[in-house]
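Structure first, commentary second.
The values are calculated or read from the model by the stated rules, or taken from the named source; none is laboratory data. Since the model is a prediction, treat every value here as computed from it, not as a measurement. Neighbour counts run over all protein chains shown; Cβ positions are idealised from the backbone, glycine included. What goes into the accessible areas is simple: the full protein's heavy atoms, side chains included, and nothing from ligands, DNA or RNA. Shrake-Rupley method; radii C 1.70, N 1.55, O 1.52, S 1.80 Å.
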Amino acid sequence: MSKFWSPFVKNLVPYVPGEQPKLSRLVKLNTNENPYGPSPRAIAAMQAELNDSLRLYPDPNGERLKQAIADYYGVQSGQVFVGNGSDEVLAHIFHGLFQHGRPLLFPDVTYSFYPVYCGLYGIPFETVVLDEQFRIRVEDYARPNGGIIFPNPNAPTGCLLSLEAIERLLEANPDSVVVVDEAYVDFGGETAIALVDRHANLLVTQTLSKSRSLAGLRVGLAVGHPELIEALERIKNSFNSYPLDRMAIVGAAAAFEDRAYFEQTCRQVIASREQLVGELQRLGFEVLPSAANFVFARHPGRDAEGLAAGLREQGVIVRHFKQERIRQFLRITIGAPEQNQALIDALAGLC
Ligand SMILES: Cc1ncc(COP(=O)(O)O)c(C=O)c1O
């Protein structure tokens, strides 16, 4: 605390990202990165962009990327917003669409950045308890609110909500913006982007950090009604004209255009997930049904924090959360087959 701080800074509770260790030999299964590299076409596009043109500012609107996303999803580019990672897109959503005085609703177990943005922008919120199986029950959101947000599949549980349930939620809340955070949707879910033309209150966010293996590039997006997108553009243009650099615009566009590589790597991650689930179950773990590139698992006879520490000693890092309801769970990112095997070998010695 310094006398130079604006007073509200004292009360901020920042988000704590998963560890990015300096040691390279670790089996890193803690931040849901993709074990496979980005599309070779994305890398080639970025390499081609590394030239004299870097002296010029990038396109402030990232039109090349918006068009690639619009083509991919069969929407208009005016329905697409792009930003520096979906975290930035989410921040603009909280800032521009959730400040109505009424509480924002999100699940009690969910992405822990949501309450952080509420703190940053002074948004009141209420958490809605997931059911016994850690699933979202849309009926529980039938209460006065200034917006609704949840990941689908949810994080860190991996549990998926059907589009039919999302549509019921949208119809029950016509006066609220409903944001579906699809950071992990490509690993087993169905995108709600198909619903944006029917529901002006729906905004879908996605990231290139997971299924397109570009966490290091920082690109995220939102798709929705042009009036919702316009609010985000106003915030963005009042904050940073150029959130995406030249590399990010061309690399992300090429990643969307390389459908074959994307589909193949997603299939590999899904196949590894199913195999890992079987092996964890053989070790006695209960594993929640996952539609993501991670699993959420607990062992009835072993303390999760102790397991995480024991894994770490063997060079394997996974994510453990201290929140009461989930403190006996480990969130384990799906790695390459040899990483998953290293995890299972290490766990076998601990269980
Ligand atoms: C549910 C969810 N949403 C959004 C993000 C942010 O992704 P990024 O800022 O890398 O696009 C994450 C990252 O882990 C996430 O888990």
Inset, instruction - Under 8 Å between Cβ atoms, at least 6 apart or on separate chains: pull out the pairs that start in region 311-323 with a residue that is within 12 Å of Pro156 (Cα to Cα) and end on any residue that is open to solvent by 40 Å² or more (accessible area, probe 1.4 Å) and assigned to a helix (DSSP H, G or I). - result: His320/Glu305
Inset, instruction - Please enumerate the residues belonging to region 14-29 that are surrounded by 10 or more Cβ atoms within 10 Å (Cβ to Cβ) and among the aliphatic types (A, V, I, L, M). - result: Leu26, Val27, Leu29
Legend entry - Ser272 within 14 Å of the ligand (Cβ to nearest atom), open to solvent by less than 30 Å² (accessible area, probe 1.4 Å) and small (Gly, Ala, Ser): no
Inset, instruction - Select from region 300-334 the residues that are in contact with a helix residue (DSSP H, G or I) (Cβ under 7 Å, 6 or more places away or on another chain) and over 23 Å from Val109 (Cβ atoms) and list them in ascending order. - result: Gln314, Val316
Inset, instruction - Would you mind listing the strands (runs of 3 or more DSSP E) fully within region 30-146 where at least 2 residues are touching a residue at least 40 places away in the same chain (Cβ under 8 Å), more than 15 Å from the ligand (Cβ to nearest atom) and surrounded by 15 or more Cβ atoms within 10 Å (Cβ to Cβ)? - result: 104-107
Inset, instruction - Considering only region 150-203, state which residues are among the β-branched types (Val, Ile, Thr) and either more than 18 Å from the chain's Cα centre (by Cα) or outside the structural domain of Gly96 (by TED's automatic domain parsing) (or both). - result: Val177, Val196
Legend entry - Leu202, sole failed condition from (1) under 17 Å from Ala292 (Cβ atoms); (2) buried (at least 23 other Cβ atoms within 10 Å of the Cβ); (3) in contact with a helix residue (DSSP H, G or I) (Cβ under 6 Å, 6 or more places away or on another chain); (4) of a type outside the set (Ser, Thr, Tyr): (1)
